[in-house]
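Below: the structure, in C-alpha cells.
The values are calculated or read from the model by the stated rules, or taken from the named source; none is laboratory data. Every value quoted in this text rests on a predicted model; they were computed, and no experiment measured them. Positions of Cβ are backbone-derived with ideal geometry, glycine not excepted, and every protein chain shown enters the neighbour counts. With ligands, DNA and RNA removed, areas are computed over all heavy atoms of the protein, side chains included. Shrake-Rupley method; radii C 1.70, N 1.55, O 1.52, S 1.80 Å.
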Amino acid sequence: MTQLIDDQLLGAVLRGSPPPQRDVPLYTTGYFYVRLCQAVLASSTAAGVLSSPFNSLPHELRERATSALLELPEEIGLVSLRELGPVIGQLRVRHDLNILGMEVLAAAVYLEADVYLSASSPRLEEALRRESRPVEVLA
C-alpha cells in the first residue's frame with residue numbers, strides 16, 4: 001500500500017505530525033507541494049490555512065519545518081509529470097476535474113495509493129472511487 005496526502009496534511013507531516021498511516025510509503029503531488037510552498041514562503045502573517053500552522057510555531061521549530069519544506073525529506077515521494085502525463089491523458093476521457101484534481105487522481109492510480117484529504121472534494125472523491133482508489137477525508 002501507498003498513501004497520497006494533500007497540502008495541509010503534508011504541512012502537518014513537515015511540522016512533525018505522523019502521516020495517516022505509519023510504515024507505509026508516503027507521497028504527495030506536485031501541485032499540493034507547490035501550493036504549500038507558495039503559502040508558507042510568501043507569508044509573513046498567520047492568515048492562511050496552509051501558512052498559519054507554520055507561522056505559529058516557535059522560531060526553531062518553524063526553521064526546521066521550513067527547511068523540510070524547501071527540501072522534502074527522502075521519505076516523502078513526489079511523482080514526476082513525466083510519469084503522470086500519459087495517465088492524466090487517459091483519465092481525462094473519463095473525468096472532468098481541474099488540473100490539481102487530475103494530478104491527484106493520476107498519482108493515486110499510478111501509485112495504487114490510498115488518498116487522504118484534509119477537506120472534502122466531492123468531485124475528486126467520486127473520481128477516485130470510480131477508479132477504485134480509497135479516499136478518506138481527515139477532519
| field | 0 to 90° range, to nearest 10: angle between helix 30-41 axis and the chain longest Cα axis | value | 20
| query | How far is helix 99-111 tilted off the main Cα axis of the chain, in degrees rounded to 10, range 0 to 90? | reply | 70
| message | Per DSSP helix of 4 or more residues, -39500 (n - 2.57); summed, then divided by the residues of the chain. What does that give at 222 nm, rounded to the nearest 500? | response | -15000 deg cm²/dmol
| From phi via Karplus (6.51, -1.76, 1.60), per-residue ³J(HN,Hα) for region 51-59 in Hz, x at Gly/Pro | 8, 4, x, 6, 5, 7, 6, x, 3
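On the accessible surface of the chain, probed at 1.4 Å, how many percent belong to carbon and sulfur atoms?
On the way: 3860 of 7590 Å².
C and S atoms contribute 51 percent here.
Shape verdict for the chain, please, from the Cα gyration tensor: rounded (a/c under 1.5), prolate (a/b greater than b/c) or oblate. Walk me through the numbers before you get to the answer.
Numbers: a/c = 1.92, a/b = 1.79, b/c = 1.07.
Prolate, since a/c reaches 1.5 and a/b exceeds b/c.
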| So which residue, out of Pro53, Pro25, Pro73, gets the largest mean-square fluctuation from a GNM of the chain using Cα contacts under 10 Å as springs? | Pro73
| Under 5 Å, built H, 5+ apart or other chain: amide partners of Val135 | Val115
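Expressed in nm², what is the orientationally averaged projection area of the convex hull enclosing the Cα positions of region 1-75?
Details: hull surface 18.8 nm².
Over every viewing direction, the Cα hull of region 1-75 projects on average to 4.7 nm².
Using Cα-Cα distances under 8 Å and only pairs 6 or more residues apart, what relative contact order does region 37-139 have, in percent?
Values: 82 pairs, mean separation 16.8, N = 103.
So the answer I get is 16 percent.
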| task | Hey, can you find the accessible area per residue of the chain for me, probe 1.4 Å, expressed in square angstrom? | result | 55
| field | Extension gain from Ile99 to Arg22, taking 0.36 nm per residue of separation minus the Cα-Cα distance | value | 24.8 nm
| query | What is the spin-label model distance, in nm, from Arg62 to Gln90 if the labels are put 7 Å beyond Cα along the C-beta direction? | reply | 4.5
| Dipole of the chain, Cα-centred, from +1 at each Lys and Arg C-beta and -1 at each Asp and Glu C-beta, to the nearest 20 debye? | 280
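Counting trypsin sites (Lys or Arg not before Pro) as exposed when in a DSSP loop with at most 15 other beta carbons within 10 Å, what is the longest stretch of the chain free of them? All intermediate terms of the calculation are to be shown ahead of the outcome.
Values: sites that count: Arg22, Arg94.
With trypsin sites (Lys or Arg not before Pro) excluded where exposed in loops, the chain gives 23-93 as its longest stretch.
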